[in-house]
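Let me begin by presenting the structure, written as structure tokens, before commenting on it.
Every number here is computed from the coordinates shown, using simple stated rules; none is lab data. Owing to the predicted nature of the structure, the values given are computational and were not obtained by experimental measurement. Using ideal geometry, Cβ is built from the backbone for each residue, glycine included, and neighbour counts are taken over all protein chains shown.
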Amino acid sequence: MIQVHDKQFDVFIDQETLEKRIAALAGQMNQDYQGQRPLLIAVLNGSFLFVAELMKNITIDCEITFIRVSSYEGTGTTGKVKQILGLSEEIKGRDVIIIEDIVDTGHTMAELLGQITAQKPRSIEIATMLHKPEATRIPVTLKYVGFAIENKFVLGYGLDYDGLGRNLPCIYQLAEV
Ligand code: IMP
């Protein structure tokens, strides 16, 4: 059990299990993208450890770039709008894989998918380390999923709780009290 800010967390997925699964996802990508040169678009901050482990196990030619997603209040009826920051690569005609730490409600991913698809990639798929199927509000097709987990708060391996915990080498889950 560890304490981060005011909350306690238990180990949920240990490092070995996590990294074996990430290597398996990379293996699938090696097969699926044989002879191609996919462009991995990793969503900061949370995906940095996941994508690093993934890249170490990808043996085909591939490229990587990093984006951030900023949220701001729209002035019209749209409410919250998410904007992609930092995407300077030419997307048209590329085989894109979006890399996320976790897909929760699906809002972020649906928005990203829409904006990147508008730039006319040849193909676009999603890889996420974790998925909370019960939390889904907007369904998105997730081709590569590390672990489907229950709808509980998790941290570690890139994921934070109020800025802390990203450096933890495995995934922790909020402890039952
Ligand atoms: P969505 O738009 O609801 O799918 O949320 C996606 C983002 O919320 C992720 O990229 C995370 O930054 C954050 N998030 C969702 N669930 C968790 C969690 O359990 N722990 C830490 N961050 C989370």
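Of note:
- Value of [θ]222 nm, deg cm²/dmol, for the chain, DSSP H segments ≥ 4, -39500 (n - 2.57) each, nearest 500: -7000 deg cm²/dmol
- Using only Cα coordinates, the Kirkwood hydrodynamic radius of the chain works out to 16.9 Å.
- Net charge, ASP14 excluded, C-beta distance under 15 Å - Lys, Arg +1, Asp, Glu -1: -2
- Cβ-based net charge around LEU54, under 15 Å, with every Lys or Arg adding one and every Asp or Glu removing one: -4
- Here the stretch 1-133 is treated with +1 on each Lys and Arg Cβ and -1 on each Asp and Glu Cβ, and its dipole about the Cα centre works out to around 380 debye.
- Summed side-chain charge close to ALA175 - residues other than ALA175 whose Cβ falls under 11 Å, Lys, Arg +1, Asp, Glu -1: 0
- Cα-based shape type of the stretch 74-177, given that a ≥ b ≥ c are square roots of the gyration tensor eigenvalues and the cut on a/c is 1.5: prolate
- Equivalent ellipsoid semi-axes, the stretch 92-142, via Cα gyration tensor eigenvalues times 5, rooted, Å: 21, 11, 7
- Mean separation of Cα contacts under 8 Å, 6 or more apart, over the residue count of the chain: relative contact order %: 25
- The stretch 14-54: C-alpha gyration tensor shape, a/c 1.5 cut-off, then a/b vs b/c: oblate
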